[in-house]
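The values are calculated or read from the model by the stated rules, or taken from the named source; none is laboratory data. Since the model is a prediction, treat every value here as computed from it, not as a measurement. Quick reminder, even Gly has a Cβ in these numbers, built from the backbone with ideal geometry, and neighbours come from all protein chains shown. Heads up: the accessible areas ignore ligands, DNA and RNA and are worked out on the full protein's heavy atoms, side chains in. Shrake-Rupley method; radii C 1.70, N 1.55, O 1.52, S 1.80 Å.
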Amino acid sequence: MIKMDVINLKNRTVGSQYVATELLKQMKRKPDTVLGLATGNTMIEVYEHLSELININQVDVAQIRTFNLDEYIGLSADHHQSYHVYMNERLFDHNKGWNKDQIHLPAGDASDVEQECLNYEQLLNEVGPVDIQILGIGENGHIGFNEPDSSFESVTRVVDLTPSTINANSHYFDNVEDVPKQAISMGLASIMRAKKIILFAFGSNKKEAVQQMLNGDITESLPASILQRHPNVEVVLDDEIYRFSN
Ligand code: F6R
């Protein structure tokens, strides 16, 4: 087992600035960087800082390739709760120069979702490996939408969301019934191919999952525990989770 690098960055703001800076440095170093991107509440301030840093450093993003982890099934790219819209509003619309042909998210409204999963995984293989993959973590230990008991061998596929995830994500929707029950998600094996992974977590509701991920068994019942097998993972935590998991 490889010991993961864990840092206490006190709070959400400092952590978000750090993650954004790591992404910026990578993009400056390698103009055709492949980024693995996540959505959710965790990444909101990360993208706020990143889009500002891109602008003030005048970074040319034209050749950057991005792959998002997941998208809800049934939501079109212009649906206001889709991850497509999230990414545009939080990142891509803030900087000139993103080449939309190089920005990839699974199409949640594809007529053949199984084929869409195969195509997405194939493209990821052709364009990848991802240089830096950023991850949040679910309260149940999911990464991407790889819910507990996802296979460590899994690749991009259709997944059923658990009641815990549907509930956690329901505040973005008018009613819990409106939250899609399925998503397309990169798999655990897809995520593990990234050269470097930065997992960011803050807030008391994540502390059990992070503690298990860092110190528990490597088990499919806690998908994030697979990261113990990755040679280059950094875990960025707030003070509360750091103290709890140490
Ligand atoms: C989002 C994703 C999820 C989230 C996780 C945490 O693309 O893949 O794994 O990172 O559900 O969500 P938040 O950040 O909303 O707590």
Report task. For residues that are touching a helix residue (DSSP H, G or I) at 6+ places or on another chain (Cβ under 8 Å) and part of a loop (DSSP other than H, G, I, E, B), scanning just segment 77-91, find the one that is nearest to residue 182 (Cα to Cα). Result -> 81
**Report entry** Test for residue 218: is it hydrophobic (A, V, I, L, M, F, W, C), touching a residue at least 24 places away in the same chain (Cβ under 8 Å) and over 28 Å from residue 14 (Cα atoms)
**Finding:** yes
Requested in this report: Among the numbered conditions (1) in contact with a Lys or Arg (Cβ under 8 Å, 6 or more places away or on another chain); (2) within 22 Å of residue 198 (Cα to Cα); (3) touching a residue at least 60 places away in the same chain (Cβ under 8 Å), tell me where residue 117 comes up short.
Outcome: (2)
Query raised in the report: Among the residues of segment 199-209, is there at least one that is more than 19 Å from residue 42 (Cα to Cα) and touching a strand residue (DSSP E or B) at 6+ places or on another chain (Cβ under 9 Å)?
Result: no
Query - Leading residue by the ranking (farthest from residue 232 (Cα to Cα)) among those in segment 117-132 that are in a helix (DSSP H, G or I) and open to solvent by less than 40 Å² (accessible area, probe 1.4 Å) - result: 117
Query raised in the report: residue 7 passes all but one of (1) aliphatic (A, V, I, L, M); (2) open to solvent by 50 Å² or more (accessible area, probe 1.4 Å); (3) within 15 Å of the ligand (Cβ to nearest atom); which number fails?
Result: (3)
Query raised in the report: Hey, residue 185 hits all of (1) within 24 Å of residue 238 (Cα to Cα); (2) of a type in the set (Ser, Thr, Tyr); (3) within 9 Å of the ligand (Cβ to nearest atom) but one; which does it fall short on?
Result: (1)
Query raised in the report: Which strands (runs of 3 or more DSSP E) sit wholly inside segment 133-202 and have at least 1 residues that are touching a helix residue (DSSP H, G or I) at 6+ places or on another chain (Cβ under 8 Å) and open to solvent by less than 20 Å² (accessible area, probe 1.4 Å)?
Result: 182-185, 196-201
Report summary line: Out of (1) in contact (Cβ under 8 Å) with a residue 40 or more places away in the chain; (2) within 16 Å of the ligand (Cβ to nearest atom); (3) open to solvent by less than 10 Å² (accessible area, probe 1.4 Å); (4) among the β-branched types (Val, Ile, Thr), the one residue 66 does not meet is (1)
Query raised in the report: Which residue out of 48, 71, 114 is within 16 Å of the ligand (Cβ to nearest atom), surrounded by fewer than 18 Cβ atoms within 10 Å (Cβ to Cβ) and acidic (Asp, Glu)?
Result: 48
Query raised in the report: When you go through 15, 40 one by one, which is the residue that is open to solvent by less than 40 Å² (accessible area, probe 1.4 Å) and at positive phi?
Result: 40
